[in-house]
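One structure below.
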Amino acid sequence: MSAATVLEKPGAGAQLCLGGIATSLPPQCGGPVIDNWDWAAAPPHESANGVRWGAYVVIGLYDAAAQSFHLTRPVTTVETYDGPALTPRADAAFTTPCPPPAGGWRVVDPATATLAAQEAALSAAAKLPTYSGAWLDQSINPADPEKQPEAMNDPTRLILNIRVTRDAAATEAALRAIWGGPLCVIEGGRSEAELRGIQRELSTAPGMLGSFVDSVTSTVSMDVMYDDGALAADLDKRYGAGVVRVHSALQPYVP
């Protein structure tokens, strides 16, 4: 089963869009053909320029060899679906792993707590052979992101997080000469170069929908058409437990 967009363009069968969707009008996407799709039996849909589409929960049988999907239950919307829960993607949280310093997170040097200094620090970190990733934590910013979105860009109200594979203390000292705002430098994970190498190796994997290097978790996140757990187990053996996180677009339906 899957919660996905179903789209049909002129001259082609209805497709189950499990990868990226181009947000044009009409949208564009591709995926396995649903061999018994009936728009009349489905909840309301949209249409433009001869293309029909809608967002649904579909339950059926996937044939990897034929690249087709066969419905075995009536189609529903996400809002009306009341079956077994779909497993959500485990997105990383942009939090800071370092404990707050004495006195709390604060600016050390106002002269270098600027957007330019922040960019310079990120650039300097990315050039290190030990560089594993970087992210910004805005949790210390008291502004309301809905009412004051521009205030969320205040460099003095964020924590710059850098991960390196080793020598965190030396890295922090070097970055402190560039960046005067809150800073957290930790050790761990794989280098970004190594993770991107893994990502390239996986680019031709069967059923691959997409992948990206997750700087926060120091992993490669991989979307595939379907994995019953065998692919994830194989990648754990190949690269190490948890280095590649597999997200299956199609999930088992267990009533």
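On the basis of being among the polar types (S, T, N, Q), over 30 Å from PRO182 (Cβ atoms), surrounded by 15 or more Cβ atoms within 10 Å (Cβ to Cβ) and within 27 Å of the chain's Cα centre (by Cα), does SER24 make the cut? It is false that SER24 is among the polar types (S, T, N, Q), over 30 Å from PRO182 (Cβ atoms), surrounded by 15 or more Cβ atoms within 10 Å (Cβ to Cβ) and within 27 Å of the chain's Cα centre (by Cα).
Exactly one residue out of ALA193, ALA232 is outside any strand (DSSP E or B), over 18 Å from the mean Cα position of the chain (by Cα) and more than 30 Å from GLY103 (Cα to Cα), and it is ALA193. Here THR156 passes the criteria (1) under 30 Å from VAL243 (Cα atoms); (2) over 22 Å from the mean Cα position of the chain (by Cα); (3) in a helix (DSSP H, G or I) except the one numbered (1). Just so you know, in the range 191-205 the residues that are open to solvent by less than 50 Å² (accessible area, probe 1.4 Å) and out of contact with any Phe, Trp or Tyr (no Cβ under 7 Å at 6 or more places or on another chain) include one that is modelled with the lowest pLDDT, and it is ALA205.
Among residues of the range 201-217 that are within 18 Å of CYS17 (Cβ to Cβ), those with a Cβ under 7 angstrom from a residue that is open to solvent by 50 Å² or more (accessible area, probe 1.4 Å) and assigned to a strand (DSSP E or B), sequence gap 6+ or separate chain, pair up as GLY207/TYR226.
Among what's in the range 131-153 and is assigned to a helix (DSSP H, G or I) and open to solvent by 50 Å² or more (accessible area, probe 1.4 Å), pick the residue that is nearest to ALA116 (Cα to Cα).
Initial filter on the range 131-153 (assigned to a helix (DSSP H, G or I)): 149-153.
From the residues that got through so far, the ones that are open to solvent by 50 Å² or more (accessible area, probe 1.4 Å) too are 149-150, 153.
Working: PRO149: 19, GLU150: 17, ASN153: 12 Å.
Here the answer is ASN153.
In this structure, does ALA249 turn out to be out of contact with any Asp or Glu (no Cβ under 9 Å at 6 or more places or on another chain), surrounded by 13 or more Cβ atoms within 10 Å (Cβ to Cβ) and either aliphatic (A, V, I, L, M) or at pLDDT below 90 (or both)? Judged against the criteria, ALA249 is not a match.
Listed conditions (1) open to solvent by 30 Å² or more (accessible area, probe 1.4 Å); (2) over 26 Å from VAL254 (Cα atoms); (3) among the aliphatic types (A, V, I, L, M) are all met by VAL51, apart from (1). When MET208 is tested against (1) at pLDDT 95 or above; (2) out of contact with any helix residue (DSSP H, G or I) (no Cβ under 8 Å at 6 or more places or on another chain); (3) of a type in the set (A, V, I, L, M, F, W, C), only condition (1) is not met.
The values are calculated or read from the model by the stated rules, or taken from the named source; none is laboratory data. None of the values given here were measured: they were computed from a predicted structure. Glycine also receives a Cβ, built like all others from the backbone with ideal geometry; neighbour counts cover every protein chain displayed. Surface areas here come from the heavy atoms of the whole protein model, side chains and all, with no ligands, DNA or RNA. Shrake-Rupley method; radii C 1.70, N 1.55, O 1.52, S 1.80 Å.
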